[in-house]
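The structure appears right after this line, and notes come after that.
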Amino acid sequence: MALYRTVQLSGCARMCVSVARPYSTVARSPSTPLPLRSKLLFFLSQHFYDVEQLLSWSSWLRNWTLRRKNTFYSYTQEQYGNNVAAAFYILSLKGGFRFSGQSEWFRPNEKGKFSWDFVNFQEHPIEEVDVSGTVINCTGLDNLVSQKNLRTLSLRGCREVDDWFLSRLHIFQESLEELNLSGCPRISVGGLCALHHLRKLRKLDLSSLPRVQNPGLVRILLEEVLPHCHITGVEYDEGLQAFQEEKDSEALSSTGTGA
Amino acid sequence: FHSHRNINQDVSLTVPPAQLAAMRKHAVRAMPGSDWQPLEITPGLPPERADVVIVGGGVVGWSVAYWLKRKERIRDGVRVLVVEKDPTYSQASTVLSVGGIRQQFSLPENIHLSLASAEFLRSINEHLGVLNEDPVDLQFNHSGYLFIASEKGAGIMEENYRTQRYAGAKVTLLSPAQVKEKFPWLNTEGVALASYGLENEGWFDPWSLLNALRRKAISMGVYQCFGEVTGFRYSTHSMPTDDSHQMSFKRIRYVNVRMPNSLEYQPVECAIVVNAAGAHSGKVADLAGIGSGPKDTLAAVPVPVEPRKRYVYVLHCPDGPGLDTPFLIDYSGVYCRREGLGGNYIAGLSPEEEEEPDTRDLEVDYNFFQDRIWPLLAHRVPAFECTKVASAWAGYYDYNTFDQNCILGLHPLVNNMYFATGFSGHGLQQSPAAGRALAELILDGGFRTLDLSALGFERIFHQEPVLERSIV
């Protein structure tokens, strides 16, 4: 494969490459070194147009598969109704759900296969949804808009759930009672402040949200706004401890260097 | 006779490490691929030729640059140059903005611009992600806008609500009882109706958006120059109209960009000029000779954009409204939003025409808060009766004196000057969509995604203002 060398432009020319990198769960600061393979790939993309274009295609493909997984299941909705469409969407995402009036959950097995019995429950709305670890995102909620009886929603470890997703949860404000947001790396305070719409919320799990800086303070503020909700996973002094440790370490270092 | 000496210790062959480093640097500069030049030239000069020169490096200017590069069909198909006067952005409207985005307008074009911008911000990492750089963090607070209307404005608010729902905005109307139940800290005296945005509304950090657009645009090959546009060199040709009057049309050939703190300037030969200079767009348009024609002709109509100073006050109130505080806009015009988690709030008010402050500098008048804002604010939110002004700043609106809506489009008399200005306080929230619209105008010849022809120059020449029925 002929690799076309990029022209070295001088002056105020191009600096870095226009390719989206895969969003990592931990925001990598520029100081932590990249693994060797990524460094090599980055070096090549800086010097060869082909590599740059391949990387841009691969990130476009990644976004396209995400959009495809979260597309609106209009055909299923026309043929079988809202509930079956929502059920099919959740199963395709490899999540699980429970119809209202039924006691057993519908889930795909480890290989991703699921039974098609859910097609018989066209009249039953969905009551509990568990999409932990899936790639559900904000546009995917279009499939669940019709489920006005949704009581439990578990979004544990969903890497695509972000503040915009939380801002759309107001559609469940009459019915949602349990919400599990632990381990979602993209959620921050901006999205949590949109949860005040959920008047019926009784249980909220906010453990291990890496982008929330002051989890204890956020818990206090949310409890003010949602008085009947029980928030788990966060202690009141989380976020304070780091400050106390900083003060201690500052005191230690000043006594060490001052004298 | 020399005694046996180890050749490695010979004095003439050992070179001190500092000198070695200098020699290595010299060698690198001598190799091809270095930017050493025998004749010293001023650093930071713009290129001598560019296809599109964007005057103004705020969020609108960089948005246009980004979309131009994104829409070009071949690599380096369009050479774009963004000229910004102030590298510190100390007086730029973008960074001094309060940062809100809403869809609650009465003009459908405004609603669509805002909706499209929210759509852009939602998938901002798809659009503006750069390899090996941190993802963009806008710090978007999804708290929604709450507009409050009195008896007089309730009818208009209902009609606006219908327009907004028809355009696709997620807005809901609330009665005073519902407002009291949702926001118990609000005083509902005098409130007849309230309009609350449920999705795509809130506020974010304008500096991160500006930097994200700038980083991505530069990585796609946009040239950035810090300098001031001091003049245009244009050619004029005149044509007779049907009733034998001469109309003269201009075409800009060169843009004179003057370097900061210097008299040196570079004439940049260009094909298209985009005026995205914000509050100073009127001055830039004057440089092109717009508005200096014979009286009562089209050539005498200037671009009606001028800077207007607006104050923003940061308040501290420990007992104020909590995490669910929306961006509150009262019918008296006063607005207030939460800032951070520490009981700080941001408030402001658009002054009346008669009491417009002086725009020569950005000094803050604290009496304005005491006399005008605080009574109205304390009446609406009783908790703000005991509040302290922690700090304040002032910024410019690029105020469209004609009808306070943006001007997007080609000027009829200057054949290659596009305008993306006059946003009157909505520049930040409409910038991604306005940039895309202008890039479509330039590269595709017409609007493709949103039809914004109602916001062009025709309305100014025909004297038909396109007015927004709600304020702020």
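The values are calculated or read from the model by the stated rules, or taken from the named source; none is laboratory data. Not measured: the values here are computed from a predicted model. Ideal geometry is used to build each Cβ from the backbone, glycine not excepted, and the neighbour counts take in all protein chains shown. To get the accessible areas, we keep the full protein, side chains included, count just its heavy atoms, and leave off ligands, DNA and RNA. Shrake-Rupley method; radii C 1.70, N 1.55, O 1.52, S 1.80 Å.
Ordered from highest to lowest accessible area with the whole protein assembly present and a 1.4 Å probe, A:Lys148, B:Lys216, B:Lys152 read as B:Lys152, A:Lys148, B:Lys216.
Against the criterion of solvent-accessible heavy-atom surface with a 1.4 angstrom probe, B:Asp242, B:Asp330 sort, most first, into B:Asp242, B:Asp330.
Measuring only protein heavy atoms, the 1.4 Å probe finds B:Lys180 accessible over about 90 Å².
Beta bridges assigned by DSSP with both partners in chain B are antiparallel in approximately 75 percent of cases. Distance from the C-alpha centroid of the stretch A:179-232 to that of the stretch B:152-203: 25 Å, rounded to the whole angstrom.
Here the stretch B:16-167 has 53 percent of its accessible surface on carbon and sulfur atoms, given a 1.4 Å probe and all protein chains in place. Given a 1.4 Å probe and the protein chains as shown, B:Thr449 ends up with an accessible area of around 80 Å².
Accessible-area rank, largest first, for B:Leu121, A:Leu61, B:Leu287: A:Leu61, B:Leu287, B:Leu121, with all protein chains present and a 1.4 angstrom probe.
Per the Debye calculation on the stretch B:291-330 with a single equal scatterer at every Cα and no solvent contribution, log₁₀ I(q)/I(0) for q = 0.16, 0.30 Å⁻¹ amounts to -0.65, -1.08.
The residues of the stretch A:141-166 listed by number as losing at least 40 Å² of accessible area in the complex, against the isolated chain and with a 1.4 Å probe, are A:Trp164. Heavy-atom accessible surface of the stretch B:313-441, averaged per residue, reaches 34 Å², computed with a 1.4 Å probe. In the context of the full protein assembly, A:Trp57 retains an accessible surface of approximately 150 Å², using a probe radius of 1.4 Å and ignoring ligands and nucleic acids. Shape class of the stretch B:128-282 from the Cα gyration tensor (axes a ≥ b ≥ c, square roots of the eigenvalues): oblate, since a/c reaches 1.5 or more and a/b does not exceed b/c.
Positive end of the dipole of the protein assembly as shown (Cβ unit charges, origin at the Cα centre): among B:Leu213, A:Thr71, B:Ile290, the Cα lying farthest that way belongs to A:Thr71.
Over 32 Å between Cα atoms, which of A:Lys39/A:Lys113; B:Lys180/B:Lys309; A:Lys111/A:Lys200; A:Lys200/B:Lys388; A:Lys94/A:Lys200; A:Lys113/A:Lys200 qualify?
Violating the 32 Å Cα-Cα cut-off are A:Lys39/A:Lys113; B:Lys180/B:Lys309; A:Lys111/A:Lys200; A:Lys200/B:Lys388; A:Lys113/A:Lys200.
Chain A and chain B together bury an accessible surface of about 3900 square angstrom, both sides counted, with a 1.4 Å probe and no ligands or nucleic acids included.
Please work out whether the stretch B:192-250 counts as rounded, prolate or oblate from its C-alpha gyration tensor, where a ≥ b ≥ c are the square roots of the eigenvalues and a/c under 1.5 means rounded, while otherwise a/b larger than b/c means prolate and anything else oblate? Because a/c hits 1.5 or more and a/b fails to exceed b/c, the stretch B:192-250 counts as oblate. Electrostatic bookkeeping for A:Val212 treats Lys and Arg as +1 and Asp and Glu as -1; over the other residues with beta carbon under 10 Å from its beta carbon, the sum is +1. The charge dipole of chain B, taken about the Cα centre with unit charges on the Cβ atoms of Lys, Arg (+1) and Asp, Glu (-1), comes to about 1560 debye, rounded to the nearest 20. When Rg and Dmax are taken over the Cα atoms of chain B, they come to 26.8, 113 Å. Placing +1 on the Cβ of every Lys and Arg and -1 on the Cβ of every Asp and Glu, with nothing else charged, gives the stretch B:137-229 a dipole about its Cα centre of roughly 260 debye.
Return the percentage of antiparallel bridges among DSSP beta bridges fully within the protein assembly as shown, rounded to the nearest 5 %. Percent antiparallel among DSSP bridges in the protein assembly as shown is about 65. Specify the inter-centroid distance of the stretch B:441-472 and the stretch B:271-335, based on alpha-carbon positions, in whole Å. Between the Cα centres of the stretch B:441-472 and the stretch B:271-335 lies a distance of 16 Å.
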